[in-house]
1. Pop out the ³J(HN,Hα) list for segment 78-87 in order, Karplus 6.51 cos²θ - 1.76 cosθ + 1.60 with θ = phi - 60°, rounded to Hz; leave Gly and Pro as x.
2. Need one number: nm distance between label points at ILE94 and ASP132, each 7 Å from Cα along Cα→Cβ, rounded to one decimal.
3. Is the shape of segment 32-134 rounded, prolate or oblate, going by the alpha carbon gyration tensor and its root eigenvalues a ≥ b ≥ c, with a/c under 1.5 for rounded and a/b larger than b/c for prolate?
4. Using alpha carbons only, how many angstrom separate the centre of segment 33-64 from the centre of segment 87-126?
Amino acid sequence: MSGDIKTIVLIVLSISITMFAIAPIVTAEAPAATRTLSTANPVPDSTFEVMLDLSGFQIGGVVETIPEGFTFSRTTHPSNRTYRSGQKVVFVVINETSLKYDVRAPSEGRGTLMGTWYDALNGTTGDIEQTDVSVRIAETPTPSSRPAPTPTPAPSPSTPGFKAVFALTGLFTVAYMILFGRRRGNFKGGSER
């Protein structure tokens, strides 16, 4: 084979290997978050658990908005990755599949838990479906049913360019290999000297 053909074959082979190697990364599961409550009708002045099931997140965050009158109580999430400001609670997510936190109900009232998620790797965001909470009236307690997960709407389309970064990385690697090989004299490419 002549030097030019060897160079072309090497470049095509390197690009093919790079694309097959990154395909599983690029086609990873789309991020989603689902909220489940231990009860949607808490007893007055009681604490109830909120659980967020996360899928497809490697690095990102979740911002939950607690309804007025209700109070964020505590979480099992690491304290150095949990931040609170008024009725908003921010969770920094790094390779986690769930978050749990407790909310204290007022003596009466109702509200709606709302939230958003952010996937830092793909630059995508989405809303977590709203969940209504209503404090029980003491005279007529309602038996709690099994918590039902609330589905998350489809995530926004991923930001273009993620595949391009990996493709360019592969091309730069091939170019570096060719240049490095020429300097050492192991690879002459298409021109004989």
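1. Once rounded to whole Hz, the list reads x, 5, 7, 10, 10, 10, 10, 9, x, 8.
2. Computed distance between label sites ILE94 and ASP132 equals 4.0 nm.
3. Since a/c reaches 1.5 and a/b is larger than b/c, the shape of segment 32-134 is classed as prolate.
4. One Cα centre to the other: 6 Å.
Every read-out reported here was derived from the displayed coordinates using simple, explicitly stated rules and does not represent laboratory data. Not measured: the values here are computed from a predicted model. Note: ideal-geometry Cβ built from the backbone for every residue, glycine included; neighbour counts use all protein chains shown.
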